[in-house]
């Protein structure tokens, strides 16, 4: 029996993501839609952004009525904007959409580019969660990445955020950096243990085509750790973070006392989210949309009362099943067979039985009651595991 397309995507509360594509200084590894030295375009961009937020609600009335329980400002560096500019964004979202009473507001920031007064201002605007792009506490490594802060600035930013009342503080940490050592990883973990942090996002350094890092590596002007050393860095970081009492609830994310990133859970649990701004992505009622990455073409489209969409995909049932499986496997909850049947009206085993058995035999997944989860070995080979659920 076929599942109605709309029924696949009737679910929990929605999230809203707002992309601010501006930075004081773009990192050499960054492949996100982010631009430096564009201050003269900030007002133009904000004007277009506010129009897009309102226009989507006017065009899709269901989006106006669906309950929103997370709002996330990412970038780029959202804190490049003034508090009054951020307030305009928040006010427009509140006027246009149906925010829950306990809606959780998150903002990303770079340490060293904000002060305690600015953090107090964010708190007054309703932000309770902040995510700092620390990456490492080693000053030499920070310089090599063209980061705009040093270790002291990172420590100060975290402590100030806690002091002014942020209840949830995340930091990003990267392993596999040029000239990075196991000792540096351990020192980062030691510093984390002394700071009021309840969430950590971890990443292996990726060399993306078109970035400055890519060109430096291509020209052999910079060298990266070999695979063996990077594996040891990964193990050291994962183990060290968990020994501090952080729970690994997603492949790259760790939380203390259940302080999960409720917005990012929207992505992993296949929930609706609206994305506004240049380069933002949306997933609403079974349709994925991607906006133009470039600031001025984005703004010009909005100015003509057109959505700046460069890619749109209607998700059919087969694709929905594939996406649901590999996204669920990223999390500690895994794929629950009962939930799967309720959602798709077909058993998981009838589609993936032989694949599941093969992955179990390879010690990449394990069945625990009614759920399939990644094993410790499976988390290291996540991309391989996920690929098994996608039709060629």
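The values are calculated or read from the model by the stated rules, or taken from the named source; none is laboratory data. None of the values given here were measured: they were computed from a predicted structure. Backbone-built Cβ (ideal geometry, glycine too); neighbour counts: all protein chains shown.
Would you kindly identify the strands (runs of 3 or more DSSP E) lying entirely within the stretch 274-392 that contain at least 2 residues that are out of contact with any helix residue (DSSP H, G or I) (no Cβ under 9 Å at 6 or more places or on another chain) and loosely packed, with under 14 Cβ neighbours inside 10 Å? Give the steps one after another, and end with the answer.
On the way: elements: 281-284, 287-291, 309-314, 365-368, 371-374.
Here the list reads 309-314.
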message: Given the criteria assigned to a helix (DSSP H, G or I), in contact with a strand residue (DSSP E or B) (Cβ under 7 Å, 6 or more places away or on another chain) and closer than 26 Å to residue 334 by Cα, does residue 234 qualify?
response: yes
- prompt: For the subset of the stretch 256-273 comprising residues that are in contact with a helix residue (DSSP H, G or I) (Cβ under 9 Å, 6 or more places away or on another chain) and surrounded by fewer than 18 Cβ atoms within 10 Å (Cβ to Cβ), which member is modelled with the lowest pLDDT?
  reply: 269
message: Can you tell me which residue is nearest to residue 287 (Cα to Cα) among those in the stretch 59-79 that are assigned to a helix (DSSP H, G or I) and touching a helix residue (DSSP H, G or I) at 6+ places or on another chain (Cβ under 8 Å)?
response: 63
message: For the stretch 75-96, give me each residue that is closer than 24 Å to residue 14 by Cβ and either buried (at least 21 other Cβ atoms within 10 Å of the Cβ) or at pLDDT below 95 (or both).
response: 75, 76, 78, 81, 86, 89, 93
task: Evaluate the stretch 105-120: report whether one residue or more is over 27 Å from residue 145 (Cα atoms) and in contact (Cβ under 8 Å) with a residue 12 or more places away in the chain.
output: yes
